[in-house]
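For reference, the structure discussed in these notes is given below.
The values are calculated or read from the model by the stated rules, or taken from the named source; none is laboratory data. Just so it is clear, the structure is predicted and the values come from calculations on it, not from any experiment. Cβ atoms come from the backbone with ideal geometry, glycine included; neighbour counts cover every protein chain shown. Please note that ligands, DNA and RNA were not included when accessible areas were found on the heavy atoms of the full protein model with its side chains. Shrake-Rupley method; radii C 1.70, N 1.55, O 1.52, S 1.80 Å.
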Amino acid sequence: MKSECDIAIIGGGIMGLSMAYQLSRAGVTNVVVLERGYMAEGASGRNGGGVRMQWSSESNVLLMRESIDLMRHFAQEIGVNVWLRQGGYLFLARSEAEREKMETNVALQNRCDVPTRMLSPEEARAIVPELDLSGIVCASYNPKDGTVFPWPFLWGYAHQAMARGVEVRLHTGVDAIEPSADGYLLATSKRETGERDTLRAKRVVNAAGSWSPEVARLVGLELPNRPHRHEILSTEPLKPFLAPMVSLLSSGLYFSQSMRGEIVTGISLEDHDDGSVKLGSRLGFLTKIARELTQLVPRFAELEVLRQWAGPYDVTPDGQPILGEPLPGFFLCCGFVGHGFMMAPVIGKRYAEWLSGKKKDPIFDRFTLDRFKSGKLEPEEMILG
Amino acid sequence: MSAKIIVCRCEDVTLSDIERTHALGYTHLEEVKRYTGLGTGPCQGRECMVHAAILCAHASKIPVDKVRPFTARPPLQPVSLAILAGEDE
Ligand SMILES: Cc1cc2nc3c(=O)[nH]c(=O)nc-3n(C[C@H](O)[C@H](O)[C@H](O)COP(=O)(O)OP(=O)(O)OC[C@H]3O[C@@H](n4cnc5c(N)ncnc54)[C@H](O)[C@@H]3O)c2cc1C
């Protein structure tokens, strides 16, 4: 066990692990990842595995395009099957206002070399014949979007980073962070036994997802992100029949079929926000989603729900992440709302390039904590849930 | 031998799958569930959780009653979307 390191990463979710993996590939291996719980305890172990390039901001279109490209080589590179399946994403619009936005977004995506196309309801039905498209005015479809199975992604990154000398310390939470002459001194404790320890780190990264405001407060920083409970369910498995992820813009309903055959589906739902992470499952979610889903796909009426669960969205005021170095040697990698899984490959790579001294990408000057003060926001609008 | 002993029948998780998971240092029941998929099929762990908990207790050398069961996910029994949507009344 290291007692000193170059970089301590707080949070062993997909962000922290992607960064650790990329750092190790860049030759920076004196790194410790500190995870308070078990691996995949946070949002990264609870998400729907959707990966798409259909966004409304240019930065997201380009970042996700690159991320999905990285994922395509993941099985080879890391030796873990993440079950990437590029079955496309089919977005459905119900109003003229939605159609207008959709057309603007598709034009932007095409300018970024993403092959999204506008479809008529009939063309959408040709892709998913089970849809009841009454009230749908048009659709957008990018055949290169897809889904992954999230869990093996985490082990893949972790095991590769560990093989190169990175330490991933599970069940170890960070309780205090003191600035010191040569960086920071972290006080940690084991969740099960309470056993205490310390770790010296020249640089610290806050990758604690929905808990990142708590972690930032340990060094006196206030972050604007808030946790939002997002619920999701999966059904009994069916024979594979559904290629794309389908999503209704008006309600935020989305559903896809996993490689195990289950329908995995979620929807936007209000929650009361008191700043704490809430992970309880609600009956109101089941009844709302059941109504929306059976209306859109009448044949799902007989389908049985097996399990529902919840995870935290890490929501920022503009739907964009919080990156950069607000204090010397203290870095932020949080605020990924409901799309952090698909962003992790590219963000980890860019962060590793920066921290290993190769180059600093402009995203680290654009998506800073400061932007919320200066008011220069470019909001992302294609957020579901 | 342990490759032929099935612990989770829904997801085909064998004793040797669990032993391999423990050998990687993942001895918590929640970790075993996520690493192997154990307990995520139609019975939702009703058949396999106790066996897996005993194995986890052995692996981490703690009493079985100290192993926390994994979070129960509603619904208790599979329920059709039609019933949830209120179309059956
Ligand atoms: C239901 C649901 C569906 C989603 N669907 C998608 C999707 O389809 N596609 C997509 O790309 N994204 C999706 N997301 C979003 C995605 O899951 C997240 O953006 C992503 O996992 C965030 O990763 P993270 O590493 O930032 O956070 P997390 O995975 O939450 O990791 C943060 C970790 O920090 C740890 N931690 C907290 N405090 C401390 C401390 N003091 N010391 C040590 N460790 C600490 C936590 O235990 C946690 O494990 C979804 C999210 C949810 C909840």
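Calculate the tail of P(r) for the protein assembly as shown: the fraction of all Cα-Cα distances greater than 43 Å, expressed in %.
13 percent
Given R₀ = 41 Å, FRET efficiency for A:ARG299-A:LEU377 by Cβ-Cβ distance, to 0.05? Walk me through the numbers on the way to the answer.
Details: r = 42 Å, r/R0 = 1.03.
It comes out at approximately 0.45.
What quantity of accessible surface, computed with a 1.4 Å probe and excluding non-protein components, is buried in total between chains B and A, in Å² to the nearest 100? It would help to have the intermediate numbers written out before the result.
Values: alone 6370 and 16340 Å², together 19960 Å².
Approximately 2700 Å² gets buried when B meets A.
Ranked from highest to lowest mean number of other Cβ atoms within 10 Å per residue, what is the order of the peptides A:283-292, A:112-121?
Details: A:283-292: 18.9, A:112-121: 16.1.
So the peptides A:283-292, A:112-121, ranked by packing, come out A:283-292, A:112-121.
In square nanometres, what is the average projected area of the Cα convex hull of the stretch B:22-65? It would help to have the intermediate numbers written out before the result.
Details: hull surface 11.5 nm².
Averaging across all directions leaves 2.9 nm² for the Cα convex hull.
Counting only other chains, and only Cβ atoms inside 10 Å, what mean value do you get across the residues of A:297-306?
5
Under a Cβ-Cβ cut-off of 14 Å, what is the net charge of the residues other than A:ASP361 that fall near it, where Lys and Arg count +1 and Asp and Glu count -1?
Computed value for this residue: +2.
Got a number for the accessible area of A:TRP211? Probe 1.4 Å, square angstrom, nearest 10.
60 Å²
Please list the non-local residues whose amide H lies under 5 Å from the amide H of A:ARG203, H modeled 1.01 Å from N, same-chain partners needing a gap of 5 or more.
The answer is A:ILE7, A:ALA8.
Cut-off under 26 Å on the C-alpha distance; same-chain residues fewer than 8 positions from A:LYS101 excluded. Which lysines are left, in chain and number order?
The qualifying lysines are A:LYS144, A:LYS288, A:LYS376.
Report the Cα centroid-to-centroid distance between the stretch B:65-89 and the stretch A:249-313 in angstrom, as an integer.
The two parts, judged by their Cα centres, are 13 Å apart.
Could you work out the equivalent-ellipsoid semi-axes for chain B, taking the square root of 5 times each eigenvalue of the Cα gyration tensor, largest first, in whole Å?
29, 14, 10
Helix-only mean residue ellipticity at 222 nm, chain B, DSSP H runs n ≥ 4 weighted -39,500 (n - 2.57), per residue, nearest 500. What is it? Intermediate results must be reported in sequence, preceding the final value.
Details: 4 runs with 33 residues, N = 89.
About -10000 deg cm²/dmol.
How crowded by other chains is A:284-290, given as the mean number of beta carbons from other chains within 10 Å of each beta carbon?
Across the residues of A:284-290, the mean count of other-chain Cβ atoms within 10 Å is 4.
Applying a 10 Å radius around every beta-carbon, put A:84-97, B:46-59 in order of their mean neighbour count, most first.
A:84-97, B:46-59
Excluding A:PRO213 itself, calculate the net charge of residues whose Cβ lies under 12 Å from the Cβ of A:PRO213, where each Lys or Arg counts +1 and each Asp or Glu counts -1. Kindly include the intermediate steps, with their values, before the conclusion.
Working: positive: A:ARG217, A:ARG226; negative: A:GLU214, A:GLU222, A:ASP314.
So the surrounding residues net to -1.
Compute the distribution of all C-alpha to C-alpha distances in the stretch A:42-127, in bins of 5 Å from 0, and list the percent of pairs in each, rounded to whole numbers.
Reading the bins upward from 0: 3, 12, 19, 20, 19, 13, 8, 4, 1, 0.
Rounded to the nearest 5, what % of DSSP beta bridges with both residues in the protein assembly as shown are antiparallel?
75 percent
Helix-derived [θ] at 222 nm for chain A: sum -39500 (n - 2.57) over DSSP H runs of at least 4, divide by residue count, nearest 500?
For chain A, the value works out to -8500 deg cm²/dmol.
Per residue of B:38-45, how many C-beta atoms from partner chains lie within 10 Å of its own C-beta, taken as a mean?
Across B:38-45, the average partner-chain Cβ count within 10 Å equals 3.
At R0 = 25 Å, how high is the FRET efficiency between A:ASP69 and A:ARG111 if r is their beta carbon distance? Nearest 0.05 is fine.
E(calc), rounded to 0.05, equals 0.90.
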